[in-house]
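Undergrad: This structure is in structure tokens; I'll ask about it shortly.
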Amino acid sequence: MGIVDKNDLTPNSLKHIAIIMDGNGRWASKRSMSRLKGHEQGAKAVREAIKGCRELCIPFLTLFAFSSENWKRPDEEVNHLMGLFRYFIKRELNELKAAGVKINFIGNISMLPDDVQELIETARLQTEGNTDLVLTIALSYGGQAEIVNSAKKLAEMVLSGEMALDDINETSLAAGLETDGIPDPDIVLRTSGEKRLSNFLLWQSAYSELIFQDVLWPDFRRENLEIAIEEYYSRCRRYGAVSA
Ligand code: FPP
């Protein structure tokens, strides 16, 4: 039984949780293991987060799995992460498909290895009709680049005469983002105790509630989701106005 009512459209209803999954490396070093092991355990926590959102009836979950800056990590770590994304899609696709999960990807996917790009396209196509949970995985994603790309599309339309300069506004810019059609996150949750957005959903998080938990990502469980949801409902969202 879920704790979120999907039909509740009041301003504070919880539709979308976005997670910065941080702390895989520290989880591994605490156990004298290689960082790669931390990412492997992190992939298991991804399954927990998806299961938790399904059980709690949260209709949108976005996971920051690889940032545009993560390419700077050692080749061995990048390759291992690519292997985990491959393994995850291959292993989870059928189950997620059957569970009504729509899998969506944002980020500069063209930077990923060809076979990962193919798997991504397969996962997207095979689940596009699903509606129970929209799972968005951010891969090679950077929020600033996403905003720049949208601004360029608008600039091109103005230059070609398809659009008037005055039609560039918050709505048209948001429509050019990769998250078009997905509600802005109600919660941006970061694990590991760090308190930064790290270039994640910069436009979309303008009014998100930021929640930071000390848990390292591989230890993340349904209870952590529940704690975040409780904290969300204890907050008062005013969107710049005053309380009723
Ligand atoms: C940040 O922790 C985590 C990442 C850069 C990778 C996230 C990847 C996963 C959770 C595993 C696979 C994901 C999917 C979708 C299958 P960090 O390495 O920066 O940790 P640290 O700050 O402790 O070093």
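The values are calculated or read from the model by the stated rules, or taken from the named source; none is laboratory data. Note that the structure is predicted; figures quoted are calculated from it, not measured. A quick note on method: Cβ atoms are made from the backbone with ideal geometry, for glycine too, and the neighbour counts reach across all protein chains shown. When the accessible area is computed, the model is the full protein with side chains, heavy atoms only, and any ligands, DNA or RNA have been set aside. Shrake-Rupley method; radii C 1.70, N 1.55, O 1.52, S 1.80 Å.
Undergrad: Can you give me the number of residues within the range 59-77 that are near the ligand (Cβ under 10 Å from one of its atoms), in a helix (DSSP H, G or I) and of a type outside the set (S, T, N, Q)?
TA: 1
Undergrad: Checking the condition open to solvent by 10 Å² or more (accessible area, probe 1.4 Å) and within 11 Å of the ligand (Cβ to nearest atom), which residue from Arg31, Arg47 passes?
TA: Arg47
Undergrad: Still on this structure, please answer the following. Would you confirm, using the coordinates I've provided, whether Gly38 is without any contact (Cβ under 8 Å) to a residue 24 or more places away in the chain and either within 11 Å of the ligand (Cβ to nearest atom) or in a helix (DSSP H, G or I) (or both)?
TA: Taking the combined requirement at face value, the residue does not satisfy it.
Undergrad: In the set Ile106, Ile58, which member is in contact (Cβ under 8 Å) with a residue 40 or more places away in the chain, buried (at least 21 other Cβ atoms within 10 Å of the Cβ) and of a type outside the set (Lys, Arg)?
TA: Ile58
Undergrad: Output the qualifying pairs, or none if there are none: Cβ atoms under 6 angstrom, residues six or more apart or on different chains, first residue in the range 191-214 and in a loop (DSSP other than H, G, I, E, B), second residue surrounded by fewer than 17 Cβ atoms within 10 Å (Cβ to Cβ) and of a type in the set (Ser, Thr, Tyr).
TA: Partner pairs satisfying both residue conditions: Tyr207/Tyr239.
Undergrad: Identify all residues within the range 101-137 that are touching a Leu at 6+ places or on another chain (Cβ under 7 Å) and of a type in the set (Gly, Ala, Ser); write none if there are none.
TA: Gly107, Ala123
Undergrad: Would you please name the residue that is surrounded by the fewest Cβ atoms within 10 Å (Cβ to Cβ), looking only at residues in the range 215-236 that are part of a loop (DSSP other than H, G, I, E, B) and away from the ligand (no atom under 16 Å from the Cβ)? So that I can check it myself, show each step before the final result.
TA: Looking only at the range 215-236, we keep the residues that are part of a loop (DSSP other than H, G, I, E, B), and these are 215-216, 220-221, 235-236.
Those still in the list that are away from the ligand (no atom under 16 Å from the Cβ) too: 235-236.
Numbers: Arg235: 12, Cys236: 8.
Filtering the range 215-236 for residues that are part of a loop (DSSP other than H, G, I, E, B) and away from the ligand (no atom under 16 Å from the Cβ), the one surrounded by the fewest Cβ atoms within 10 Å (Cβ to Cβ) comes out as Cys236.
Undergrad: Within the range 150-167, is even one residue in contact (Cβ under 8 Å) with a residue 24 or more places away in the chain, of a type outside the set (Val, Ile, Thr) and out of contact with any Phe, Trp or Tyr (no Cβ under 7 Å at 6 or more places or on another chain)?
TA: Looking for residues that are in contact (Cβ under 8 Å) with a residue 24 or more places away in the chain, of a type outside the set (Val, Ile, Thr) and out of contact with any Phe, Trp or Tyr (no Cβ under 7 Å at 6 or more places or on another chain), one finds at least one in the range 150-167, hence yes.
Undergrad: Moving on to the next point. Tally up the residues in the range 196-214 that are within 16 Å of the ligand (Cβ to nearest atom) and open to solvent by 60 Å² or more (accessible area, probe 1.4 Å), please. I'd like the intermediate steps shown before the answer.
TA: Keep residues of the range 196-214 that are within 16 Å of the ligand (Cβ to nearest atom), which gives 196-201, 212-214.
Adding the requirement that they be open to solvent by 60 Å² or more (accessible area, probe 1.4 Å) leaves 196, 212, 214.
Count: 3.
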